[in-house]
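Here is the structure we will look at, set down as structure tokens.
Values in this text are rule-based calculations from the coordinates and carry no lab data. Quantities reported herein were computed from a predicted structural model and do not represent experimental measurements. So basically every Cβ, Gly included, is an ideal-geometry build from the backbone, and we count neighbours across all protein chains shown.
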Amino acid sequence: MTKLLVVATGNPGKLREMQAYLENSGWELTLKPEELEIEETGNTFTANACLKASQVAQVTGQWAIADDSGLQVDALDGAPGVYSARYGKTDAERIARLLRELGNEVNRQAQFVCVVAIARPNGAIVLQAEGVCRGEILHAPRGDGGFGYDPIFYVPEKLLTFAEMTRELKRSISHRGKAFAALIPQLKKISEN
Ligand code: IMP
């Protein structure tokens, strides 16, 4: 039987993306109620994903899913991290700030991280998965696909930035793709119960 899963986001783009990942998982996805605002007060991706999933589940009385993600730059001690979305007002500003702070640093190593959490209707977290994608920060943007920090995130094994990849390639190697891939077998099991 198909079960309903409320997505802890008000963003229809994120709903579509999650729908693509969770196709054939046995779950039907729906957006959280618009009036329900949840602040990301956690210090870690895991804390934020869990608090969003848990609150949405409790308020709606349904199963809920939430993700939290961001970019961690080694030479900046993991910044911008959980502040990735709040690092500037626009993608261009966020990229400019990151490049400024990194300056001519030789160590350009970085990683994207994504944590996905699933809560049952009483708010208890039953599943969590994390995906990591390692790469390097370029000195200037390259490519015009994707979003966020994609144009400065270079994956040496593919000789491409995230912004230069097809959606399929990015999905197969990205932090989000890996986190969802880890989650699907477990989600299928729950939907069958
Ligand atoms: P949130 O997970 O919606 O809280 O947002 C995380 C932020 O991290 C986004 O606004 C982006 O700035 C950044 N981010 C997360 N994943 C990606 C990605 O795949 N490409 C580029 N930027 C990303």
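For the pair Asp91 and Glu40 in one chain, pulling the backbone fully straight at 0.36 nm per residue adds 16.4 nm over the alpha carbon distance.
Based on the Kirkwood approach, the hydrodynamic radius assigned to the stretch 15-161 is 16.6 Å, with every pair of different Cα atoms included. Note down the net charge around Arg108, summing +1 for each Lys or Arg and -1 for each Asp or Glu among other residues with Cβ under 13 Å from its Cβ. Taking every Cβ under 13 Å from that of Arg108, the sum is -3. Label point of Ala75 set 7 angstrom out along Cα-Cβ; within the stretch 121-140, amide nitrogens under 12 Å from it belong to 136-140. Counting only the Cα atoms, the stretch 89-193 fills a convex hull of 129 Å³ per residue. Other residues with beta-carbon under 12 Å from the beta-carbon of Gln62 carry, at +1 per Lys or Arg and -1 per Asp or Glu, a net charge of +2.
Take every DSSP beta bridge whose two residues both sit in the chain; close to 75 percent of them are antiparallel. Compared with the dominant Cα axis of the chain, that is its longest principal axis, helix 45-60 is turned about 30°.
Fewest-first ordering of Asp144, Asp74, Asp150 by other beta carbons within 10 Å of each residue's beta carbon gives Asp144, Asp74, Asp150. Using θ = phi - 60° in the Karplus curve 6.51 cos²θ - 1.76 cosθ + 1.60, the 3J(HN,Hα) couplings for the stretch 161-172 round to 7, 4, 6, 9, 8, 5, 4, 5, 5, 4, 4, 6 Hz; x is entered for Gly and Pro. For the pair Ala20 and Gln186 in one chain, pulling the backbone fully straight at 0.36 nm per residue adds 58.1 nm over the alpha carbon distance. Residues in the stretch 18-23 carry Karplus couplings, in order, of 5, 4, 5, 5, 9, 3 Hz; the curve used is 6.51 cos²θ - 1.76 cosθ + 1.60 with θ = phi - 60°, and Gly or Pro positions show x. GNM on the chain, alpha-carbon springs under 10 angstrom: the most fluctuating residue among Leu159, Leu169, Leu183 is Leu159.
A simple rule links phi to the HN-Hα coupling: the Karplus curve 6.51 cos²θ - 1.76 cosθ + 1.60 with θ = phi - 60°, which for the stretch 34-44 gives 4, 6, 8, 9, 10, 7, 8, 9, x, 9, 9 Hz, with x for Gly and Pro. With a cut-off of 11 Å between beta carbons, the residues surrounding Ile173 carry a summed charge of +4, where Lys and Arg count +1 and Asp and Glu -1.
Measuring nothing but how far apart in sequence close Cα pairs (under 8 Å, 6+ apart) lie, relative to its length, the stretch 3-192 scores a relative contact order of 20 percent.
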